[in-house]
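Below is one structure; the comments refer to it alone.
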Amino acid sequence: MIPVSDLAIRARSSLLVGGLLTLTACSGCGSKQEIPTGTDPPVTGNEAPFELVKLDAAFDDPVHLTAPSNDSRLFVVEQPGRIRIVRDGVLIETPFLDISDRVASGGERGLLSMAFHPAYDSNGYFFVNFTDLAGTTRVERFEVGSDPDRADPQSAAPVLSIEQPFANHNGGHLLFGPDGMLYVAVGDGGSGGDPQGNGQNRETLLGSILRLDVSGPGPYAVPADNPWSDHPSFRPEIWAWGVRNPWRLAFDPPAGLLFVADVGQQRREEINVVRADAGGLNFGWNEMEGSICYDAELCDTDGLVLPAVEYDHSAGCSVTGGEVYRGSDIPEIAGQYFYSDYCRGWLRSFRYEDGAMDHREWDVGSLGSVASFGSDGSGELYLISRDGSVYAFRPGPT
């Protein structure tokens, strides 16, 4: 599965760690963003005011779903290197884009996400994040062709490439923020324990969340208000750092927040919630794993962002970050951030108002290995299972 690494180690360690970790606040931590952490574990057995309706289509290792604003189609990203379209509930046979001959797929590599330019209606631009045949992370821009259901494969324009020292922890998510900038989640480079120390090294793009201006004619420009846009040594593309393997970012524009789900090492899975406009934040890896010290000799929590929500490996093994529901069909869950775990397949949510609250685990049965979440052009929510299924959140009977 994409976000899981060191899975055999995790399976052993989960037998040793007991109980659901309650959320931890830390005096002096995260002082740059002034958002406190939560304190409540999830309440189980909640009857859902929605149903998860499986789409009548099967996909090949789906890992992401999105759509342009106000577009009725669904765009489903398949890890081997294809983007498929569902229109009016029917899977179109010919892929929107097929770059499988350029993609190294398997494990945590592959075509991992796509993002439509905010002006897609006028310029036809969209961006993809994938690992090429050499294992290098690549961000490229494509254009839609004359057929709106087909991209022009010859329009590929390179934006960014990052050499990966190992095969895992590629991150892989990209999305546009409310500010029109392109955000790119990049893992620490892989292996286990961050052996190269990339998470705390701002001279490399690894272990970071990048913020790029792709509005101009070149591959990208560094926004002038990036925290290190004119630093002599730090990479100016970096917006935040200290992440291990961020598996899904989510902006919530109405609340002005950014959610960062980061896959842990052996003990903690975490979700960070920060102000969307707060650059220069350090999420702590590999000094911290969640709210605990990863290496006691290196551990200094001063100025670090601690998780808003975290859990130990008795409750799961690999967090799957989701999105805040801002659709109109299910008003009962408006403002809830939904997430899951790849190993357990539960569905949880919480609200964030001056801290994480209203923690729930929804009674929807097992969802298998949940790989990702996504929203359509109207803001309605979807869930992707590793078995090739895509589920739509629909109003339920309760």
Exercise. Here is a list of conditions, (1) closer than 13 Å to residue 262 by Cβ; (2) modelled with pLDDT of 95 or more; (3) touching an Asp or Glu at 6+ places or on another chain (Cβ under 9 Å), and residue 274 meets all of them except one; can you say which number that is?
Worked result: (3)
Seminar exercise, completed: Here the residues within the stretch 87-100 that are assigned to a strand (DSSP E or B) and surrounded by fewer than 22 Cβ atoms within 10 Å (Cβ to Cβ) are 87, 90, 91, 98
Seminar exercise, completed: Residue set 380, 332; condition modelled with pLDDT of 95 or more, out of contact with any helix residue (DSSP H, G or I) (no Cβ under 7 Å at 6 or more places or on another chain) and more than 15 Å from residue 46 (Cα to Cα); output residue 380
Exercise. Taking into account only those residues within the stretch 361-372 that are under 16 Å from residue 58 (Cα atoms) and at pLDDT 95 or above, which is surrounded by the fewest Cβ atoms within 10 Å (Cβ to Cβ)?
Worked result: 369
Exercise. Quick check, is residue 140 buried (at least 23 other Cβ atoms within 10 Å of the Cβ) and among the acidic types (Asp, Glu)?
Worked result: no
Exercise. For the stretch 208-233, which residues satisfy the criterion of being in contact with a Lys or Arg (Cβ under 9 Å, 6 or more places away or on another chain), surrounded by 18 or more Cβ atoms within 10 Å (Cβ to Cβ) and of a type in the set (A, V, I, L, M, F, W, C)?
Worked result: 210, 214, 228
Exercise. Of all residues in the stretch 54-65, how many are closer than 21 Å to residue 148 by Cα and surrounded by fewer than 22 Cβ atoms within 10 Å (Cβ to Cβ)?
Worked result: 1
Exercise. In this structure, is residue 156 part of a loop (DSSP other than H, G, I, E, B), among the hydrophobic types (A, V, I, L, M, F, W, C) and within 18 Å of residue 105 (Cβ to Cβ)?
Worked result: no
Exercise. Does residue 147 count as assigned to a loop (DSSP other than H, G, I, E, B) and either under 20 Å from the mean Cα position of the chain (by Cα) or not aromatic (Phe, Trp, Tyr) (or both)?
Worked result: yes
For this session: Please enumerate the residues belonging to the stretch 368-388 that are outside any strand (DSSP E or B), among the polar types (S, T, N, Q) and within 19 Å of the chain's Cα centre (by Cα).
Result: 369
Problem set entry | Given (1) surrounded by fewer than 24 Cβ atoms within 10 Å (Cβ to Cβ); (2) touching a helix residue (DSSP H, G or I) at 6+ places or on another chain (Cβ under 8 Å), number of the condition residue 177 does not satisfy | (2)
Problem set entry | Per-region count, the stretch 347-357, residues surrounded by 17 or more Cβ atoms within 10 Å (Cβ to Cβ) and over 15 Å from residue 47 (Cβ atoms) | 5
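The values are calculated or read from the model by the stated rules, or taken from the named source; none is laboratory data. Because the structure is predicted, anything quoted here is derived from the model rather than measured. Counting neighbours? That spans all protein chains shown, and the Cβs are built from the backbone with ideal geometry, glycine included.
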